[in-house]
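Visitor: For reference, the structure I am asking about is given below.
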Amino acid sequence: MESIVLFLYRRRKPLSLLLVSLAVVSTLVWGVRTCQGERMEWRYVEPFGIRMPLHYSIHGIDVSHHNSRINWQRVRQMEAEGIGLRFVFVKATEGATLVDRQFKVNWKEARRAGLQRGAYHFFHPRRDADKQARNFIRNVQLEPGDFAPVLDFELDRGVPREKLLADLRHWLEVVEDHYGVRPIIYTNSHFYKAYIRDNFDDYPLWLADYSRQHLADFRTDRLFFWQHNASGWVDGIRGQVDFNVFVPDSTRIREVCL
């Protein structure tokens with residue numbers, strides 16, 4: 001690249017040099033992003049019943065009472081084509097009072113099976129944000145090595161934008177103050193663009209998007225998890241399961257843990 005700029009400098013006016021140099025840099029950046037997308041290898045892994053993004057090394061799932069009773073030892077032991085499950089996010093609470101009826105069992109047994117675990121709260125936009133935060137805190141005891149608390153945000157229910165943003169921030173701040181770690185925000189692409197981007201950019205992000213083939217064009221270094229499929233199969237679990245990957249280099253996983 002230095003030789004290109006030198007060549008231009010000898011043959012262009014300063015303004016032209018600046019414009020052409022910017023074009024060269026933009027082209028190189030585009031090329032890097034394109035190559036990153038092309039390097040993403042997807043392969044259908046029959047035991048899991050879905051195509052898996054093999055570019056990533058840390059795979060996991062998320063569950064709730066909808067998955068019924070789970071045999072966690074079978075979940076942990078499952079492996080296919082060198083892919084095993086290393087983490088799980090478990091639904092803990094919803095709204096101001098609800099506790100997932102399988103949470104206590106799932107929370108205990110996932111840890112016993114050797115899976116790294118995290119707990120999430122399903123946020124109701126028409127419920128009191130403070131009561132929702134207290135509901136989570138009252139029912140979830142996190143330990144060192146667990147993932148940071150997760151705010152599951154995927155509904156707006158017609159609540160005015162400014163009120164909804166204020167309520168989300170209140171939940172996040174109350175929970176962070178209690179656990180001493182910044183919560184993770186789970187949301188889909190639509191709600192990310194509508195509410196999270198430019199408002200909560202300093203929070204770790206867990207993105208649900210089943211249409212993407214790669215994340216090369218997703219411009220945030222706070223994207224830690226990607227829920228890429230909701231139709232997988234896992235030994236020990238009845239019915240289909242959400243599949244996720246840890247997006248950054250594995251050395252960064254401590255950034256989103258207690």
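Here, each number is a calculation from the coordinates, and none is a lab measurement. Computed from a prediction, not measured in an experiment: that's the story for all the values here. Quick reminder, even Gly has a Cβ in these numbers, built from the backbone with ideal geometry, and neighbours come from all protein chains shown.
Visitor: Restricting the calculation to Cα positions, tell me the Rg (one decimal) and the Dmax (whole number) of the stretch 139-180 in Å.
Guide: Final numbers for Rg and Dmax: 12.6, 38 Å.
Visitor: Hey, another quick one. Over all alpha-carbon pairs in the stretch 47-109, figure out the percentage whose distance exceeds 13 Å.
Guide: It works out to 67 percent of all Cα pairs.
Visitor: Right, here's the next one. What is the gain in length, in nm to one decimal, between K193 and E81 on full extension, counting 0.36 nm per residue of separation less the C-alpha to C-alpha distance?
Guide: Here the segment from K193 to E81 would lengthen by 36.8 nm.
Visitor: Using a cut-off of 12 Å between beta-carbons, work out the net charge of the residues near A133 (Lys and Arg +1, Asp and Glu -1, A133 not included). Spell out each step's value before the answer.
Guide: Values: positive: R127, K131, R134, R138, R169; negative: D128, D130, D167, E173, E176, D177.
Charge balance near A133 sits at -1.
Visitor: Under the rule of at least 5 residues apart or a separate chain, name every residue whose amide H is placed under 5 Å from the amide H of H124.
Guide: G95
Visitor: If you don't mind, another one. In terms of the ratio Rg/(2.2 N^0.38 Å) built on C-alpha atoms, what value belongs to the stretch 46-256?
Guide: Scaled against compact globular proteins, the figure is 0.97.
Visitor: Also, I was wondering about something else. What FRET efficiency would be calculated for the residue pair D235, W42, taking the C-beta separation as r and a Förster radius of 22 Å, to the nearest 0.05?
Guide: 0.50
Visitor: So, one more: To the nearest 0.05, what FRET efficiency results for F218 and R101 with a Förster distance of 25 Å applied to their C-beta separation?
Guide: 0.10
Visitor: From the phi of every residue in the stretch 43-52, what ³J(HN,Hα) in whole Hz does the Karplus formula 6.51 cos²θ - 1.76 cosθ + 1.60 yield, where θ is phi - 60° and glycine or proline is x?
Guide: Residue by residue, the stretch 43-52 yields 9, 6, 10, 4, x, 8, x, 9, 7, 10 Hz.
Visitor: How charged is the neighbourhood of A148? Take every other residue with its Cβ under 15 Å from the Cβ of A148, and add Lys/Arg as +1 and Asp/Glu as -1. Before the final figure, lay out the partial values.
Guide: Numbers: positive: R117, R182, R222, R252, R254; negative: D62, E143, D146, D152, E173, E176, D177, D202, E255.
Here the charged neighbours net out to -4.
Visitor: Using a cut-off of 15 Å between beta-carbons, work out the net charge of the residues near R76 (Lys and Arg +1, Asp and Glu -1, R76 not included).
Guide: Combined, the nearby Lys, Arg, Asp and Glu give +3.
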